[in-house]
Amino acid sequence: MAKPRLAFFSFASCEGCQLQFLNLEDEILDIVPHVDIVEFREAIDNHSDNYDVAFVEGSITRPADETKLRHIRDNAKVLIAFGACATTGGVNRLKNFLAPERQEKTSTVQNPQSAPSQAQIIEYVDRARKIVYGDQWNLPVFDSYPTRAVGDVVKVNYKLEGCPASKKEILELVKALLQGRAPRFARYPVCVDCKLAENVCLFHKGQFCLGVVTRAGCDQPCPSFGNRCIGCRGLVDDPNKNAAWDILTEFGLKPEDILREFRLFQAYAEEAQTMKI
Amino acid sequence: MTNDGMTEFGETYPMSTVNIHVHEVTRVEGHGDIVLNVKDGTIEELKWAVTEAPRFFEALFRGRHWTDASLLASRICGICAVAHASTSVRATEEAFGLTLSDQDFAFRTLNYHGEMLESHVLHLMFLVAPDAFSAPSVLTVAASHPEAVKMALRLKKMGNLISDAVCGRKLHPIGMIPGGFTALPSPKKMREVKAYVDARESDIKMMVDIVASVVPLFPEYLVAFERETEFISLTHPDEFALYRGDIKSTDTQKVTDHRQYKDIIKERIVPYSTSKWTSSQRSSYAVGSLARLNNNFDQLNAEGKAVAAAVGFKPVIHKPFFNNVAQLIETVHCYYEAKRLIDRLLDTGWKHEMPQVKPRAGRGVGVCEAPRGLLIHDYTYDDNGILLEANCIVPTTENHGSIEDDFRGLVPQIINKPQPEIAHALEMLVRTYDPCISCSVHAIKVRFV
């Protein structure tokens, strides 16, 4: 079998997921002989349109990104949405929720009570441009439309969830590709692994946590280090969001706090509900 | 033709016509283009265009709770996530009036050294070194020099191990919260880190030998290229400033309180760049390892100074290529600082206490030295600990102007060289700055149009 040709691309992101691939310090020299890495701007000079597998990192936020992404889709046999920015829009999606302050210096910014309409989202994105670039916000170079996940634009074959993507899942995916099989990823919430790790539940410590509805597979690094799950891997299939909402309310959180908590990484789900993306 | 100084736009060089557009410079973090257009010997266009998609972080911070600030901040940049998270918690700590225990300060500093080591090794060994061998990537170098690449991977891993242990995960940090940490490593974990770090001393020596030996393999005109400029970095009376301090300029020799950064750093918009640009005393200033050494050389530890002496580094140096050499010196400095901190912590022991945070309305300014230079997060909170405003100034933003000014200085000196060589020289010059473009937008592609 010919070696699979891998290409890495990045759109709006911190490029941490590409780094996460390079962070496989113990494994990378064993992977390299089995693949041809033909494009990886962060680490190599080569450019190529001839590849089998495209790892696409980042969110789509500009018309030019969309054109480039469609070109990648046309070239790749397998397209992988690589990390939260690509699978869900990640934190980039927060700009779609940037409602204006109701009055000067209040805390209500970015907390519309329900998911915004498409027209509102466009208004909110312009607001983000004005906040950052002031009166020159409308220069063509700052062009930006509402954040979209890679799968909102083209067909995605596999997703590597998380911010950052998990090294363990990157290895599983590469192995699966080499073996010609589908990768095996967890399909249950973070809570399950957290219990197996014998962590004291953060709710019992008076903190709140999105582990109840978030897809596992990350080895729960956040709760294991005493901090809450922020839902970076997106919602598990068929999440019990109502139960999560009830628990969060029980712990004294107001709806706006709960929405804010979900929206850090899971705003995509709200948008999907109201806009049938 | 030769030229021995600064050159203005529009100057004429006999016979040369060059059209260069390096689209997306490789081996840098983020997207940037180099555009050079010379017609009949006149530079018509020469620019460093940052094309990274803007992500509007300063807007995204608005309305977020204080517990989200550092989590969101680290997502600005995967390469220097610890720097962004640290700077963010420092801003919040200042706003809420929180101080750190000596023990937690030691862990914050150790965490910081972990990232500095990982980032410098990544840049020098993975991104810059291939140029010395005219190789397209470290993977090609791995075939010809396997032991060197394995060494680099071990050192990179060391940086990750340190920060993973201290803050839960280097990419992206979990455990740093205002006032301290959500958890601290077990003594067993720290002893494992110590064993790995202690075993790397010969790797550090090997890296010094390799980097010092490859410098002569770069074009002499690039290594020797000199342009007098202003360097800005933190400075602190008690230490080689990385995690804390106030702001010092080589031009004025003045130290400015970190909260007054706007007095000396001016941001502006450049119509071909999604990143803002900054300036201070001149059209541009430089930040990063070279700036830190130019300002604070005397505060390096003995091992850092020994390497500086061995490679002949004497501040103030105005040669941009020497940022690579400065990173090497800092790698050694940080390695020994980290090693001693680990020993000290294991010697004294530590006890985790969950910080008690009471938000209050007000402003806080966190300033740290990210691996690439001065990093500022400026937050304003309301009484409930909700962010009303955020301003971030990141090192690559600060270096864009300096990169472009260097282009203007270097291009006239190399204008009669073959076009691919000019393009490659400009790319290598960009890489010297170790730009981290998704941070700054917010850059690398070379476009000879």
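Values quoted throughout were computed directly from the atomic coordinates according to the rules given, and no laboratory measurement underlies them. Keep in mind it's a predicted model, so treat the numbers as computed, not measured. Reconstructed Cβ throughout: ideal geometry from the backbone, glycine too, with neighbour counts over all protein chains shown.
Label separation (A:ASP30 vs B:GLN356): 4.9 nm, computed from points 7 Å beyond Cα along the C-beta direction. For the peptides B:175-181, B:350-356, B:398-404, the ranking by packing is B:398-404, B:175-181, B:350-356, with the highest mean count of neighbouring Cβ atoms within 10 Å listed first. Per the Debye formula on identical point scatterers at the alpha carbon atoms of the stretch A:190-275, with no solvent, log10 I(q)/I(0) at q = 0.25 Å⁻¹ is -1.39. Indicate the gyration tensor shape class of chain A (rounded, prolate or oblate), computed on the Cα atoms with a ≥ b ≥ c the square roots of the eigenvalues: a/c under 1.5 is rounded; otherwise a/b larger than b/c is prolate and the rest oblate. Oblate, since a/c reaches 1.5 and b/c is not below a/b.
Taking a ≥ b ≥ c as the square roots of the eigenvalues of the Cα gyration tensor, the stretch B:240-380 is oblate, since a/c reaches 1.5 or more and a/b is not larger than b/c.
Of the peptides B:313-319, B:215-221, A:86-92, the order by per-residue mean of other Cβ atoms within 10 Å, starting with the highest, comes out as A:86-92, B:313-319, B:215-221.
Straight Cα distances below 19 angstrom link B:LYS188 to the aspartates and glutamates A:GLU198, B:ASP104, B:ASP164, B:ASP198, B:ASP343, B:ASP347, B:GLU353, with same-chain residues fewer than 8 positions distant left out. Would you work out if the protein assembly as shown is rounded, prolate or oblate? Take a ≥ b ≥ c from the square roots of the eigenvalues of the alpha-carbon gyration tensor; rounded if a/c is under 1.5, else prolate when a/b is larger than b/c, oblate otherwise. Rounded, since a/c falls under 1.5.
Peptide B:171-177: average number of partner chain Cβ atoms within 10 Å per residue? Mind dumping the intermediate values first?
Values: counts 10, 8, 2, 9, 5, 1, 2.
The per-residue average across the peptide is 5.
When the Cα positions of A:PHE262, A:CYS191, A:PHE225 are compared along the charge dipole of the stretch A:190-275, A:PHE225 comes out farthest toward the positive end, with charges on each C-beta of Lys, Arg, Asp and Glu. Here's the list of aspartates and glutamates a cross-link from A:LYS77 could span, going by alpha-carbon distance under 16 Å and ignoring same-chain residues fewer than 8 apart: A:ASP36, A:GLU39, A:ASP49, A:ASP52.
For the stretch B:217-364, the share of DSSP beta bridges that are antiparallel, to the nearest 5, is 85%. In a shell of Cβ-Cβ distance under 13 Å around B:ARG191, excluding B:ARG191 itself, what net charge do Lys and Arg (+1) and Asp and Glu (-1) give? It works out to a net charge of -1.
Measure up A:LYS167/B:LYS156; A:LYS130/B:LYS266; A:LYS167/B:LYS170; A:LYS241/B:LYS170; A:LYS130/B:LYS170 against 22 Å on the Cα-Cα distance and list the ones that go over. Write out the running numbers ahead of the final one.
Numbers: A:LYS167/B:LYS156 15 Å; A:LYS130/B:LYS266 18 Å; A:LYS167/B:LYS170 13 Å; A:LYS241/B:LYS170 30 Å; A:LYS130/B:LYS170 32 Å.
Pairs exceeding 22 Å: A:LYS241/B:LYS170; A:LYS130/B:LYS170.
Are any of the pairs A:LYS168/B:LYS339; A:LYS68/A:LYS155; B:LYS189/B:LYS339; A:LYS3/A:LYS175 more than 21 Å apart by Cα-Cα distance, and if so, which? Those over the limit are A:LYS168/B:LYS339. Ranked by the mean number of other Cβ atoms within 10 Å of their residues, highest first, the peptides A:59-67, B:242-250, B:192-200 fall in the order B:242-250, A:59-67, B:192-200.
For the segment A:220-229, counting C-beta atoms of other chains within 10 Å of every residue's C-beta and taking the mean gives 6. Projecting the Cα positions of B:ALA148, B:SER289, B:ILE76 onto the charge dipole of the protein assembly as shown (unit charges on Cβ atoms of Lys, Arg, Asp and Glu, taken about the Cα centre) puts B:ILE76 furthest along the positive direction. Per residue of peptide A:125-135, the mean number of Cβ atoms on other chains within 10 Å of the residue Cβ is 5. Based on DSSP H segments of at least four residues, each scored -39500 (n - 2.57), chain B has a per-residue ellipticity at 222 nm of -13500 deg cm²/dmol.
Set the Förster radius R0 to 45 Å, insert the Cβ-Cβ distance between A:TYR188 and B:ALA310 as r into 1/(1 + (r/R0)^6), and round the FRET efficiency to 0.05.
Numbers: r = 56 Å, r/R0 = 1.24.
After rounding, the FRET efficiency stands at 0.20.
For chain A, modelled as a Gaussian network with Cα springs under 10 Å, which listed residue fluctuates most, A:PHE21, A:PHE82, A:PHE142? Evaluated over chain A, the most mobile residue of the options is A:PHE142.
Considering only A:LYS205, A:LYS77, A:LYS175, the mean-square fluctuation computed in a Gaussian network model of chain A, springs between alpha carbons under 10 angstrom, is largest for A:LYS205. The label-point distance for A:HIS47 and B:ALA143, in a model that sets each label 7 Å from Cα toward Cβ, rounds to 2.2 nm.
Relative to the Cα centre, what is the charge dipole magnitude of the protein assembly as shown, using +1 at the beta carbon of each Lys and Arg, -1 at the beta carbon of each Asp and Glu, and rounding to the nearest 20 debye?
Working: 82 positive and 93 negative charges, 315 e Å.
About 1520 debye.
Secondary structure note: in the protein assembly as shown, about 70% of the DSSP beta bridges are antiparallel. Net charge of the neighbourhood of B:SER86, taken over other residues with C-beta under 9 Å away and scored Lys/Arg +1, Asp/Glu -1, is +1. Placing a pseudo-label 7 Å from each Cα along the Cα-to-Cβ vector at B:ASP347 and B:THR252 gives an inter-label distance of 4.0 nm.
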